[in-house]
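What follows draws every value from the coordinates through simple rules; no lab data is involved. In this text, all values refer to a predicted model and were calculated from it rather than measured experimentally. Because the Cβ atoms are built from the backbone with ideal geometry, glycine has one as well, and the counts that use them run over all protein chains shown.
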Amino acid sequence: MIKQNEPCLTPQQALAQTLDDCQPDTLLVCGTLPVRLGRAWHEQYPDRHYTELLLSALNNGLPSADTHDLALIEGALEQLSHEEGTLMLGQLRNFGTHRIAVIMTNESGWQLGDFLGLGFKRQAHLQGAPARTLYTYNIDSYNRRRDWNNPQYWANPEMWDKARW
């Protein structure tokens, strides 16, 4: 697992480590570096499902009919408008992608708040020029369990059959 804000990784190392940590059965990739890593992964695991999402056919590829264990994205959001990029990440997240890793250049115009609003967290600042940041989304840790967020507090069983709302 990549330690939060670990500064010593290159973009390729960060995505490769994410891929190794996740050990997905289904992988979706978008961007030059993720496609290169994805193809090498698919050669190693030919029995697993692999999908390349092309920016030229983005509307044809999303929403995907399949859910994916992991999506790797790099260099793609910078080529889309902010609205299209938000839609792409939202569709990946909302249609069942369990984990998403996005590498963004710091000059892209996207802010930390844009990713936080989509449920991502800043995972690491990466080495190299231009300066880049790895943002990750994981459905398993996206919404931590809270004491008050359970059925015990949604109803008032003591008042059943005593009052009508």
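Using 0.36 nm per residue and subtracting the Cα-Cα separation, the extra length available between Leu54 and Ala131 on full extension is 25.3 nm.
Put simply, when 91-99, 23-31 are sorted by average Cβ atoms within 10 angstrom per residue, most first, you get 23-31, 91-99. A dipole drawn for region 11-138 from +1 and -1 charges on Cβ atoms has a positive end, and of Asn106, Gly85, Ala40 the residue lying farthest that way is Asn106.
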